[in-house]
Amino acid sequence: ELSDGPAASSPIPAGDAAPARIVARFNARRPQCPVQLHTIRLEYDDEKRRALAHDRRPYIFPACGHVHAFAPELQRLPCPLCRTRGPFVELRLEWEPAICDDEPEVAFNPCGHIVSERVARRWAALALPDNAPPNARYRPICPFCAKPLKTDARAGDQPFSRILFQSDARRDDDDTTSDAGDWSTASPGLTHATPTSDRGGAGDDDAS
């Protein structure tokens with residue numbers, strides 16, 4: 001079962017409990033690595049995150065949105081599910097209500113910070129200077145780490161991607177909210193949700 005994040009952006013109650021609630025909703029879906037076939041966990045607290053084995057943390061290909069467990073070889077290969085090339089980074093939740101107080105739906109490309117689609121669209125359309133004039137270049141950036149977003153449409157880039165993770169939660173394929181939160185259980189299918197073309201060109205066969 002491939003879940004595509006929350007069905008609709010929904011505000012999270014303010015306060016220190018907000019990140020914990022987002023993490024609990026994500027982990028209640030029992031996300032699994034589609035390659036290593038074990039459960040992965042999202043943690044907001046740095047101490048808890050460091051306590052997790054590296055291959056139990058969620059990593060993402062921000063160019064396509066597919067979530068995996070960490071594996072060193074994936075850092076130099078295209079996404080095993082859709083063959084899209086791009087960075088392989090840790091899925092990170094940074095909680096700043098002034099930037100985003102909605103349920104995360106997408107990950108910024110290339111850094112992997114997660115926000116709602118509404119917030120991602122706003123920041124992807126906002127060009128900010130990276131230096132003092134007259135040497136400044138104006139580009140959209142991630143509001144958390146200030147990395148420039150991928151926006152070259154000619155190269156097939158997109159500034160953010162919907163979070164796509166495999167889940168073994170036994171639920172009906174609908175978008176209803178349950179005690180585990182409103183993370184969608186509907187599977188859009190790989191050909192619908194992600195690019196299917198091989199962006200890497202020759203030499204990708206060794207990733208199979």
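In whole Hz and in residue order, list the ³J(HN,Hα) couplings for the range 50-66 that follow from phi through the Karplus curve 6.51 cos²θ - 1.76 cosθ + 1.60, θ = phi - 60°; x for Gly and Pro.
5, 6, 6, 4, 4, 7, 10, 8, x, 10, 9, 8, x, 5, 10, x, 6
In whole Hz and in residue order, list the ³J(HN,Hα) couplings for the range 130-136 that follow from phi through the Karplus curve 6.51 cos²θ - 1.76 cosθ + 1.60, θ = phi - 60°; x for Gly and Pro.
9, 7, 7, x, x, 9, 6
For the range 69-138, with every protein chain kept in place, what is the accessible area per residue (1.4 Å probe, Å²)?
Result: 46 Å² per residue.
Given 0.36 nm per residue, what is the gain on full extension from ARG21 to GLU90 after removing their alpha carbon distance, in nm?
22.9 nm
Select from the range 80-168 those trypsin sites (Lys or Arg not before Pro) which occupy a DSSP coil region and have at most 15 other Cβ atoms within 10 Å, ordered by residue number.
ARG137
What's the carbon and sulfur percent of the range 53-144's accessible surface, probe 1.4 angstrom, rounded to a whole number?
Carbon with sulfur: 51 percent of the solvent-accessible area.
The values are calculated or read from the model by the stated rules, or taken from the named source; none is laboratory data. None of the values given here were measured: they were computed from a predicted structure. Ideal geometry is used to build each Cβ from the backbone, glycine not excepted, and the neighbour counts take in all protein chains shown. Surface areas here come from the heavy atoms of the whole protein model, side chains and all, with no ligands, DNA or RNA. Shrake-Rupley method; radii C 1.70, N 1.55, O 1.52, S 1.80 Å.
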